[in-house]
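A short write-up of the structure that comes next.
The values are calculated or read from the model by the stated rules, or taken from the named source; none is laboratory data. Computed from a prediction, not measured in an experiment: that's the story for all the values here. Positions of Cβ are backbone-derived with ideal geometry, glycine not excepted, and every protein chain shown enters the neighbour counts.
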Amino acid sequence: MKTATILTAPLLVLATAAPALGLPARAPVEPVDLSVVPYAGTPQLDATAERAVRGETSTRRKLEAIVRLIFDRRHGLGFEYASHPTLTAVEAFERRRGNCLSLVNLFVALSRGAHIRTFFVEVEDFETFERRDGAVVRSTHVVGGFDLGAELRTVDFLPDRPKTYRRLRILSDREATAHYFNAVGAEALLGGEIARAEPLLRRALELDPELAEAWNNLGLTARRAGRREEAITHLERALAIEPEFVPALENLSGLYRIAGDGERAAAAAARALELKTRNPYYLLTRALDGLRAGRLDEAESLARRARRLDRGIPEVHLVLGRLALARGDDRAAEKSFARAQRLSAELPATYRDRLETKIDRLLASAL
């Protein structure tokens, strides 16, 4: 998931835009299973993977066969992307859809079933933001990884995103499992299921006590349960682990304000804003929000700030092209789109194809 952390609007993170009392807790719809191994295969998955790689001799070709198995609509699973829920490998195999972490769970299970060493990789400085049920959800990115000789390669399932990774970190299976429990805990919290969310998040922290996202989300759980002092303790623990963790800063700002500590509330909010505006993906998300709302000057200012931070991101130029189209400047739009295409030349074919389709659609709509 992508592993999810929720940003509050205006106060929360991992969760909802509502204040702590805004969403009542609901009873869990099913028991919480804390023994799940999310990337575990089954005899059926193993046999499916072995059939897919039969006849292939190189690791590269075997991995290509696994990816075809996952996505091919005629001869494979025809897997489709869905932002939530987060699923185990078995669930993803059965449902044939899921989010990024679900897909990586499935990829790891199938590839290991074919006797290929694969692992989970956490990608830093690659974030997406979306609105879900009134909350702004920030998702960090987890991809599948494998070694080809001395070369680390990744398998990325996030739609429509370039692979401009700043930092990569290989996760242990234990850490990957912690990400899974954090993700499903976050989803339970978004759904108002506090009683379900808390044991899931505590399981994540039992597996990885240094997972800042889970401390943040546990803090939100405590806040929603009315345990504000405990919530502050958990959020401060998240910041001790990751001092530049924006969701925890924003959540703490809200709690400090409720506690009457205006000085610390203002300082945390200012620091969060400073950090967010350094992130070109955040700025592009804000720019698209402005474009959809018809605030073209604001959107263009945000997109240009993103370009100053990183001119090498194809999406920067895609957004600038969309803005030019909205202003009726077809020539400037084509120039920006051409720049996006050039920058995507070394990215995977699937990304380039999606980019081409999106540009063609935008240009056609302007005719």
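So the values come out like this:
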item	result
Candidate set: the stretch 13-69, residues that are of a type in the set (S, T, N, Q) and surrounded by 15 or more Cβ atoms within 10 Å (Cβ to Cβ); chosen: the one modelled with the highest pLDDT	Thr48
Selected residue (criterion: surrounded by the fewest Cβ atoms within 10 Å (Cβ to Cβ)) from residues of the stretch 70-83 that are more than 22 Å from Arg153 (Cα to Cα) and either outside the structural domain of Thr118 (by TED's automatic domain parsing) or not aliphatic (A, V, I, L, M) (or both)	Arg74
Enumerated helices (runs of 4 or more DSSP H) restricted to the stretch 208-314, each holding at least 3 residues that are under 29 Å from Phe181 (Cα atoms)	212-224, 228-241, 246-258, 262-276, 280-292
Looking only at the stretch 265-274, and only at residues there that are surrounded by 16 or more Cβ atoms within 10 Å (Cβ to Cβ) and at pLDDT 90 or above, the one that is farthest from the chain's Cα centre (by Cα)	Ala265
Yes/no for Thr277 being farther than 21 Å from Glu122 by Cβ, buried (at least 21 other Cβ atoms within 10 Å of the Cβ) and among the hydroxyl-bearing types (Ser, Thr, Tyr)	no
Residues of the stretch 56-114 satisfying the condition of being polar (S, T, N, Q), farther than 18 Å from Asp46 by Cβ and more than 20 Å from the chain's Cα centre (by Cα)	Thr57, Ser58
Residue check, Glu213 of a type in the set (D, E, K, R) and modelled with pLDDT of 95 or more	no
Positions within the stretch 243-255 being more than 14 Å from Glu213 (Cβ to Cβ) and either among the polar types (S, T, N, Q) or modelled with pLDDT of 95 or more (or both), in sequence order	Ser253
Search result, residues across the stretch 307-327 that are in contact with a Lys or Arg (Cβ under 9 Å, 6 or more places away or on another chain) and farther than 16 Å from Gln341 by Cβ	Leu309
The stretch 169-203, residues that are farther than 20 Å from Gly145 by Cα and small (Gly, Ala, Ser)	Gly185, Ala186, Ala188, Gly191, Gly192, Ala195, Ala197
Close pairs (9 angstrom Cβ cut-off, 6 or more residues apart or separate chains): in the same structural domain as Arg202 (by TED's automatic domain parsing) and more than 14 Å from Leu218 (Cβ to Cβ) in the stretch 238-256, part of a helix (DSSP H, G or I) and among the β-branched types (Val, Ile, Thr) anywhere	Tyr256/Ile232
Unique match (being without any contact (Cβ under 8 Å) to a residue 60 or more places away in the chain, assigned by TED's automatic domain parsing to the domain that holds Ser336 and touching a Gly at 6+ places or on another chain (Cβ under 8 Å)) among Ala306, Ala293, Ala299	Ala299
Matching residues, the stretch 60-86, being acidic (Asp, Glu) and either closer than 19 Å to Gly113 by Cα or in contact (Cβ under 8 Å) with a residue 40 or more places away in the chain (or both)	Glu64, Asp72
So Leu320, is it within 22 Å of Glu334 (Cβ to Cβ) and among the aliphatic types (A, V, I, L, M)	yes
